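This report refers to the structure that appears directly beneath it.
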Amino acid sequence: VYNSKQLEISQNKALSELIPKLGDNVANVRKFNAISLALHGKNAVPALMAIIRDDKQEVRNAAATALGIIGTAAALELINAHSDKRKDQEERAAALYALGLMRHQDAFKMAEEALKNEGEDRGVRIDAAEVLGMFRDKRAVETLLAVLKQGHKNDTLLIKKSLEALSKIKDVSE
């Protein structure tokens, strides 16, 4: 009991040192601390959810990766963030990406719906294509091919991510 209390105090001390650094002016400091927070599990989720709105892509990716590592303890907040259309596209896209990293059961369906919805934000659709590739599931082929067939107004990044996702799916007869 004594050792577990010491561990808890130590983890809280580490959290109290890492979280303020998420506001640092240097993006690499924010990125490193976001990754470090993954080691603290569910206690780090609120801070990581805040940083997935960072103005630097590499910081958002680090936060999403950390949330993906934390796994199911972060899933509900990620699902809520992605589903809330009032949130900005970076937050919604990062939330979907994190769910894909953890291979959450709802991520495939959410990514497919986002990619099919042409009214969805561009960034969310791009990450949705990437998430479908993460699953390596043949069910995504039709949706990804539809992106390619429609050309999507010459959105080269969306087309690239869709092609990359297709390349990850094994035994694609199409």
How large is the helix-only mean residue ellipticity at 222 nm for the chain, computed as the sum of -39500 (n - 2.57) over DSSP H runs with n ≥ 4, divided by its residue count, in deg cm²/dmol to the nearest 500? -21500 deg cm²/dmol
Considering Cα pairs under 8 angstrom that are at least six residues apart, work out the relative contact order of the chain and quote it in whole percent. 14 percent
Distance in nm between pseudo-label sites at residue 139 and residue 157 (7 Å out along the Cβ direction from Cα): 2.8 nm
May I ask you to compute the full-extension gain from residue 89 to residue 21, defined as 0.36 nm times their residue separation minus their alpha-carbon distance, rounded to one decimal in nm? 22.1 nm
Which of the residue pairs 56/149; 56/85; 85/116; 42/170 have a Cα-Cα distance greater than 26 Å in the structure shown? 56/149; 42/170
Whole-Hz ³J(HN,Hα) from phi, Karplus 6.51 cos²θ - 1.76 cosθ + 1.60, for segment 135-147, glycine and proline x: 7, 6, 10, 4, 4, 7, 4, 4, 5, 5, 5, 4, 4
Quick check: residue separation of residue 72 and residue 167 times 0.36 nm, minus the Cα distance between them. What number comes out in nm? 31.4 nm
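Values in this text are rule-based calculations from the coordinates and carry no lab data. Bear in mind the structure is a predicted one, so any value in this text is a computation, not a measurement. Here the Cβ is made from the backbone with ideal geometry for all residues, glycine too, and neighbour counts use every protein chain on show.
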